[in-house]
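Single-structure report; data block below.
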Amino acid sequence: MELIKLEKVTKKYKLGEEITFALDNVSLKVNEGEILVILGPSGSGKTTLLNCMSGLEKVTTGKILYENKDIAKYSDSKITKFRKKNIGFIFQTYNLLENLTVYENVLVGANLGKNKTSVMDIIETVGLKRHKDKYMHQLSGGEQQRVSIARAIAKNSKVMFCDEPTGALDEKTGKKVLEALVEINKKYRTTMIIITHNPGIQYIGDRVVRMNSGKIISDTINKERMEAKDIPWG
Ligand code: ADP
């Protein structure tokens, strides 16, 4: 079943005299429960696509339909409510709360959603048990990223947007994080949209979309998903 549908989405940025079409007439469907991997070189429009799809940024023209409702038309307060209810983000150090410990940050996620899995189990899954009482500034970039993943898992939203979820991680930790994402997808049928420039990650997806210069240049289905531990890295 179709969950998200983008119709002719354009996003234009103006910097002085220069105009960039970060998204140039993009149409795309996302099915409920699938893992969609979006690949493309730096500057191809991946982050802009993710920000527009999740309602973090306004589109210039076009529609972003969730179950046929156009969220591009929502007011700021309505879109904030919509995001809170339906969407989880895994961004590099996205909105981590500096004055809270690892445990407390993940608890915030759990309180936002309805995941009954214990916060400690989730912290263990992402390999941070040892660090559970540390504050954000006491963690490395990769560890902070894992806190943001744990928090998104605890929130257990319907759709999860991941921007380079393994960007700051080494191969071993990166694959562990991907395994955790796949497990969440299987367990809860969470729709996952992962953007990355690491081509190996395409093999864990059900579908792969390639971008270049603000356009979708291919959209293919993987016959089978590969296990995260078996994918080539980098
Ligand atoms: P990617 O995530 O694939 O690296 P982006 O979506 O970040 O690509 O960027 C796509 C294009 O839009 C790039 O040319 C970038 O410079 C431009 N761009 C992105 N954000 C802005 C902004 N806030 N202002 C002006 N140009 C932007």
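The values are calculated or read from the model by the stated rules, or taken from the named source; none is laboratory data. If you're wondering where the values come from, they're calculated on a predicted model, not measured in any experiment. Methodologically, a virtual Cβ is constructed for each residue, glycine included, from the backbone with ideal geometry; neighbour enumeration extends over all protein chains shown. Calculation scope for accessible area: heavy atoms of the full protein, side chains included, ligands and nucleic acids excluded. Shrake-Rupley method; radii C 1.70, N 1.55, O 1.52, S 1.80 Å.
Is it fair to say residue 3 is under 20 Å from residue 219 (Cα atoms) and more than 16 Å from the ligand (Cβ to nearest atom)? First the steps, then the outcome.
Numbers: under 20 Å from residue 219 (Cα atoms): yes; more than 16 Å from the ligand (Cβ to nearest atom): yes.
So residue 3 passes the test.
In this structure, does residue 50 turn out to be closer than 22 Å to residue 147 by Cβ, of a type outside the set (Lys, Arg), surrounded by 19 or more Cβ atoms within 10 Å (Cβ to Cβ) and within 16 Å of the ligand (Cβ to nearest atom)? Show your work before the answer.
Values: closer than 22 Å to residue 147 by Cβ: yes; of a type outside the set (Lys, Arg): yes; surrounded by 19 or more Cβ atoms within 10 Å (Cβ to Cβ): yes; within 16 Å of the ligand (Cβ to nearest atom): yes.
Yes; evaluated as a whole, the condition is true for this residue.
Mind listing whichever residues of the stretch 62-93 are within 17 Å of residue 4 (Cα to Cα) and within 16 Å of the ligand (Cβ to nearest atom)?
Result: 62, 64, 89.
The conditions are (1) open to solvent by 10 Å² or more (accessible area, probe 1.4 Å); (2) more than 9 Å from the ligand (Cβ to nearest atom), and residue 42 fails exactly one of them. Which is it?
(2)
Yes or no: the stretch 24-35 includes at least one residue that is part of a helix (DSSP H, G or I), touching a strand residue (DSSP E or B) at 6+ places or on another chain (Cβ under 9 Å), under 13 Å from residue 216 (Cβ atoms) and touching a residue at least 24 places away in the same chain (Cβ under 8 Å). Spell out the reasoning first.
Just the residues of the stretch 24-35 that are part of a helix (DSSP H, G or I), to begin with: none.
No; the residues of the stretch 24-35 include none that is part of a helix (DSSP H, G or I), touching a strand residue (DSSP E or B) at 6+ places or on another chain (Cβ under 9 Å), under 13 Å from residue 216 (Cβ atoms) and touching a residue at least 24 places away in the same chain (Cβ under 8 Å).
For the stretch 53-79, give me each residue that is open to solvent by less than 20 Å² (accessible area, probe 1.4 Å), small (Gly, Ala, Ser) and free of Cβ contacts under 8 Å to residues at least 40 places away in the same chain.
55
Hey, residue 133 hits all of (1) more than 16 Å from residue 180 (Cα to Cα); (2) assigned to a helix (DSSP H, G or I); (3) open to solvent by 70 Å² or more (accessible area, probe 1.4 Å) but one; which does it fall short on?
(2)
Of all the residues that make up the stretch 192-206, how many are of a type in the set (A, V, I, L, M), within 16 Å of the ligand (Cβ to nearest atom) and over 14 Å from residue 44 (Cβ atoms)?
First, pick out the residues of the stretch 192-206 that are of a type in the set (A, V, I, L, M): 192-195, 201, 204.
Still in the list and also within 16 Å of the ligand (Cβ to nearest atom): 193-195, 201.
Filter once more, keeping what is over 14 Å from residue 44 (Cβ atoms): 193-194, 201.
Of the residues in the stretch 192-206, 3 are of a type in the set (A, V, I, L, M), within 16 Å of the ligand (Cβ to nearest atom) and over 14 Å from residue 44 (Cβ atoms).
Of all residues in the stretch 16-39, which are within 11 Å of the ligand (Cβ to nearest atom), closer than 23 Å to residue 197 by Cβ and either acidic (Asp, Glu) or open to solvent by 90 Å² or more (accessible area, probe 1.4 Å) (or both)?
21, 24
Report the residue count in the stretch 152-168 for those that are open to solvent by 20 Å² or more (accessible area, probe 1.4 Å), part of a loop (DSSP other than H, G, I, E, B) and more than 16 Å from the ligand (Cβ to nearest atom).
To start, the set of residues in the stretch 152-168 that are open to solvent by 20 Å² or more (accessible area, probe 1.4 Å) comprises 155-156, 158, 163-164, 167-168.
Right, trim to part of a loop (DSSP other than H, G, I, E, B) and you get 156, 158, 164, 167-168.
Now narrow it down to the ones that are more than 16 Å from the ligand (Cβ to nearest atom): 156, 158.
Residues in the stretch 152-168 being open to solvent by 20 Å² or more (accessible area, probe 1.4 Å), part of a loop (DSSP other than H, G, I, E, B) and more than 16 Å from the ligand (Cβ to nearest atom): 2 in total.
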